[in-house]
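Every read-out reported here was derived from the displayed coordinates using simple, explicitly stated rules and does not represent laboratory data. All values reported here derive from a predicted model rather than from experimental measurement. Ideal geometry is used to build each Cβ from the backbone, glycine not excepted, and the neighbour counts take in all protein chains shown.
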Ligand SMILES: [Zn+2]
């Protein structure tokens, strides 16, 4: 089969790779129906994360089960499934506590290289969530979003403890930030401030439920949020970027007693203890426990309640994966959907 391999920063190739096989009796192999490029894949593409050797890449996917190992009980060939970016057993204490992305037996799906025609899924019963029926083609992008970005935005809102009636600010207008706007709306926020400078992303944020747009960044952005909130800051701030600046902006925009949910993978971020101490801000983040949400999110997608699909503003055949990376790197696309 063929799939994406990153050889060096800026160098993603679509090439022949070995066919995935069942290696453990708890594995499944799926035929990929749709996959995509993640903002976090760009960390390697841009050379921020080292690329030591040619490596398969990609960790978001929906597909149809082809084959299962002898110990797989719930997942069956022919099912349409949504997976997440860590394989997890769904039975260990961390999974039972709601943190499958910290599963004691987790395996990164990035290592399987999911921008490919077929994927081996470790711990298939724990990792995959089967849709009840084969979905409508129109729902495909939104279901694929549940494999990472929609679940990550959802977690950002839960981690920041968004409550009905609150004012929520979202830092970051990438796919995750836009999905975080949907999550804040679903959790009942009254006022949702999207911090964005890009017209097309502002429009999408508004369509997803943002009530206000703030174009300023850094201290000016913080000042704008405070102006809108009687000088105290937002009840909840969802940090969806992962830079030093975005994290500072999030912490400084939150009111005393409010919460920051941070889901942008931190690069160089450190939090000053005394400052955090005196702010009374609650901070929770981490790789989103995306596996927890599809049972609920799939229902909301299929019923038409949420539609994160438009975060994919570029669709390409999988063999043009390199162009998918280029378009996102050059910010010509928010997120690239790839069809094998
Ligand atoms: Zn587990």
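At a glance:
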quantity	calculated
Of residues in region 76-91 being closer than 22 Å to residue 110 by Cβ and more than 16 Å from the ligand (Cβ to nearest atom), the one surrounded by the most Cβ atoms within 10 Å (Cβ to Cβ)	82
Options 331, 305, 300, 291: the member that is closer than 20 Å to residue 109 by Cβ and not in a strand (DSSP E or B)	291
From the options 264, 268, 257, residue that is in contact (Cβ under 8 Å) with a residue 60 or more places away in the chain and outside any helix (DSSP H, G or I)	264
Flag for residue 96 being exposed (fewer than 14 other Cβ atoms within 10 Å of the Cβ) and under 20 Å from residue 296 (Cβ atoms)	yes
Answer residue from region 92-111, given it is more than 6 Å from the ligand (Cβ to nearest atom) and not in a helix (DSSP H, G or I) and is nearest to residue 58 (Cα to Cα) among those	108
Out of 65, 72, sole residue that is buried (at least 21 other Cβ atoms within 10 Å of the Cβ), more than 22 Å from the chain's Cα centre (by Cα) and either within 15 Å of the ligand (Cβ to nearest atom) or in a strand (DSSP E or B) (or both)	65
